[in-house]
Amino acid sequence: ANDIPFGKLQLSKGLKGSYYVLGFEIDKSHAALTQLAAMGHEISYEGDEFESFAGQPAAQQTTRLNTMRAATAAAKIPISAHPGFNPPADGSDQITRQVVSEQPIDYMVTWVEAVDGCIPQFQTSTAGTAPRRHPLVLIPRLLPGVEERLDEISESEAVAENHDLVNDLNRMGCVAVARYANQSLLTPDAQSQTLDSYTRNRSTMWGATGSEISRWWVERGELKATLSGDPTAPTLSVTIPGGGLSNEAVIWLNLPRREAKVSLSGPQQVRTVYSEDGLVAGLLVRDLKSGN
């Protein structure tokens, strides 16, 4: 009664969401989650039951994660091919991040104190039954949910506050998760207005699922660029990961003077764009072949 209409509302705004589900009695949600996945939304993990992971021993947290995954698999829930984990009530700690990194989970949503700044970070794994191909991506949740503010301010004030926060994050260039309860306390109009905070910034803001963000961040980490040699004719080395790049990728160069132009010579053609102030050149490297 709540999730399907909100899922349709997101699509009408050009957005997709990540739905984090509990393993507890998950079979009752099979039909709705299958429909949401068919819409293009991501289905990922929240836990075995609605209880914080923080402060529990590593063995207990690992058991809970295994129970969660087993329950969703038994109920044939359409979990994402690149699943994430969003702990109940933001209840996690360093042990949680470690044991999640030992699971077949690509990313974890975490409160901001777990990362340094407003961008994702990697959590390396030292154990696990199988080596990870990529480290666990920690994605910060910076935005308080609009519903979380209703105890202190009115609905209209909460929506306006969210709009201002989104504008600020857009200017800062942050990555942030915004959370919405599946049984929303917001009126339909307020839900629509809240999502409009993102669509107003569509030209400069990427609205994406957690899975898309984590895959993009891994690819960003594999893309390497170094500038060396003579300052008048330096050598730019760019390493493209195996399989090439699936996301748009630009290497930015600070120019020595305004309106200076970049002249490239190399085995592959690269398109160059310039910032409006003429101080930065951007090299579009998405279509380069893998290698150095």
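Once the stretch 46-86 is narrowed to residues that are hydroxyl-bearing (Ser, Thr, Tyr) and within 19 Å of Ser125 (Cβ to Cβ), the residue that is least open to solvent (accessible area, probe 1.4 Å) is Thr62. In the stretch 215-263, which residues are in contact with a Lys or Arg (Cβ under 9 Å, 6 or more places away or on another chain), of a type in the set (Ser, Thr, Tyr) and more than 17 Å from Asp287 (Cβ to Cβ)? Ser237, the sole residue that qualifies.
Results for (1) open to solvent by 30 Å² or more (accessible area, probe 1.4 Å); (2) out of contact with any Gly (no Cβ under 8 Å at 6 or more places or on another chain); (3) at pLDDT 85 or above, shown as yes or no for each residue.
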site: Glu113; (1), (2), (3): yes, yes, no
site: Gly117; (1), (2), (3): yes, yes, no
site: Gly128; (1), (2), (3): yes, yes, no
site: Leu165; (1), (2), (3): yes, yes, yes
site: Ser184; (1), (2), (3): yes, yes, no
site: Gln191; (1), (2), (3): yes, yes, yes
site: Thr199; (1), (2), (3): yes, no, yes
site: Met205; (1), (2), (3): yes, yes, yes
site: Ala208; (1), (2), (3): no, yes, yes
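When the residues of the stretch 48-76 are filtered to those that are in contact with a Gly (Cβ under 7 Å, 6 or more places away or on another chain) and not in a helix (DSSP H, G or I), the one that is farthest from Ile4 (Cα to Cα) is Ala54.
The number of residues in the stretch 227-260 that are in a strand (DSSP E or B) and over 22 Å from the mean Cα position of the chain (by Cα) comes to 10. You will find that of Glu102, Glu147, Glu157, the residue that is acidic (Asp, Glu), in contact (Cβ under 8 Å) with a residue 24 or more places away in the chain, out of contact with any Cys (no Cβ under 7 Å at 6 or more places or on another chain) and open to solvent by 50 Å² or more (accessible area, probe 1.4 Å) is Glu102 and no other.
Taking into account only those residues within the stretch 238-252 that are out of contact with any Asp or Glu (no Cβ under 9 Å at 6 or more places or on another chain) and modelled with pLDDT under 90, which is least open to solvent (accessible area, probe 1.4 Å)? Here the answer is Gly243.
Inspect all residues belonging to the stretch 276-288 and state whether any of them is over 24 Å from Trp216 (Cβ atoms), open to solvent by 70 Å² or more (accessible area, probe 1.4 Å), of a type in the set (Lys, Arg) and assigned to a loop (DSSP other than H, G, I, E, B). Taking every residue of the stretch 276-288 in turn, none turns out to be over 24 Å from Trp216 (Cβ atoms), open to solvent by 70 Å² or more (accessible area, probe 1.4 Å), of a type in the set (Lys, Arg) and assigned to a loop (DSSP other than H, G, I, E, B). The number of residues in the stretch 253-266 being within 30 Å of Arg215 (Cβ to Cβ) and either in contact with a Phe, Trp or Tyr (Cβ under 7 Å, 6 or more places away or on another chain) or surrounded by 12 or more Cβ atoms within 10 Å (Cβ to Cβ) (or both) comes to 3.
The values are calculated or read from the model by the stated rules, or taken from the named source; none is laboratory data. Keep in mind that this is a model prediction, so the values were computed, not measured. As a convention, Cβ positions derive from the backbone with ideal geometry for all residues, glycine included, and neighbour counts pool all protein chains shown. Protein only, heavy atoms only, side chains kept; ligands, DNA and RNA dropped before computing areas. Shrake-Rupley method; radii C 1.70, N 1.55, O 1.52, S 1.80 Å.
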